[in-house]
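Taking it in order: structure first as structure tokens, then the write-up.
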Ligand SMILES: N[C@@H](CCC(=O)N[C@@H](CS)C(=O)NCC(=O)O)C(=O)O
């Protein structure tokens, strides 16, 4: 059954990104809608009405509101028919998703919002954690001996990891160079045609650490939860 899918989010590159990558990989149609366009009000006025008071939210068939990015990812995986049937493999894939998700804070807010000395301090403070988690993610791929975390085709967990690794390049492009297996993983994801065309056309995130902006349809907008 084909669903109507609307992905509600803000002007930032964070937790909606893995769902978007998975939707593009699986070639499932969806519409990206800013919170203020969907609700017709500023976020501060609608936050309390949203099921878990945060976004992203996937609205299915104009009726079902699915919040929590991991729930959104696993739903997409299921409707695309690429969910993992083996219980052990599925549990391991869930461990990978959660381990990637723990990179969200402080990586995503720092990249999208922090500036000047605050950006530099946060970057320095998070390095030990990033190094340690990248080591874990690198080892999981080596132990698995497959192209991706589950098998030779990507699943939701692969896009969750990819998003955070990709974002880390805007924090410190050299960090990933210490992990050749993760670099190869990034290359493998980026070389998938449907993913490549999304990556080449998505809003660019510019002026990170200075005055972060997303370039949407050629116009640079300050990142955030407010309409501009
Ligand atoms: N656990 C949630 C976290 C969602 C979250 O932190 N959303 C942020 C943007 S990435 C948000 O809604 N910020 C606005 C707010 O909290 O008012 C998920 O995985 O979706």
Expected single match for assigned to a loop (DSSP other than H, G, I, E, B) and out of contact with any helix residue (DSSP H, G or I) (no Cβ under 7 Å at 6 or more places or on another chain) among 153, 147 is 153
Please state which of the following conditions residue 124 fails to meet, knowing it meets all the rest: (1) away from the ligand (no atom under 12 Å from the Cβ); (2) in contact with a strand residue (DSSP E or B) (Cβ under 8 Å, 6 or more places away or on another chain); (3) assigned by TED's automatic domain parsing to the domain that holds residue 152.
-> (2)
Residue satisfying condition, being in a helix (DSSP H, G or I) and under 13 Å from residue 111 (Cα atoms), within set 184, 169 | 169
Would you check if there is a residue in the stretch 70-83 being more than 16 Å from the ligand (Cβ to nearest atom) and closer than 22 Å to residue 201 by Cβ?
-> yes
Restricted to the stretch 81-109 and to residues being touching a helix residue (DSSP H, G or I) at 6+ places or on another chain (Cβ under 6 Å) and part of a loop (DSSP other than H, G, I, E, B), the residue surrounded by the fewest Cβ atoms within 10 Å (Cβ to Cβ) is 83
Return only the number of the condition from (1) touching a helix residue (DSSP H, G or I) at 6+ places or on another chain (Cβ under 7 Å); (2) within 12 Å of the ligand (Cβ to nearest atom) that residue 27 does not satisfy.
-> (2)
Can you tell me which residues in the stretch 49-59 are more than 10 Å from the ligand (Cβ to nearest atom) and free of Cβ contacts under 8 Å to residues at least 12 places away in the same chain?
-> 49
Of (1) over 20 Å from residue 111 (Cβ atoms); (2) buried (at least 16 other Cβ atoms within 10 Å of the Cβ); (3) over 19 Å from the mean Cα position of the chain (by Cα), residue 209 fails just (1)
Going by the structure shown, is residue 184 loosely packed, with under 14 Cβ neighbours inside 10 Å, more than 16 Å from the ligand (Cβ to nearest atom), over 16 Å from residue 20 (Cβ atoms) and at pLDDT 95 or above?
-> yes
Checking residue 62 against (1) closer than 21 Å to residue 14 by Cα; (2) in contact with a strand residue (DSSP E or B) (Cβ under 8 Å, 6 or more places away or on another chain); (3) away from the ligand (no atom under 16 Å from the Cβ), which test does it fail?
-> (1)
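The values are calculated or read from the model by the stated rules, or taken from the named source; none is laboratory data. Owing to the predicted nature of the structure, the values given are computational and were not obtained by experimental measurement. Cβ coordinates were reconstructed from backbone atoms using ideal geometry, including for glycine residues, and neighbour counts include every protein chain displayed.
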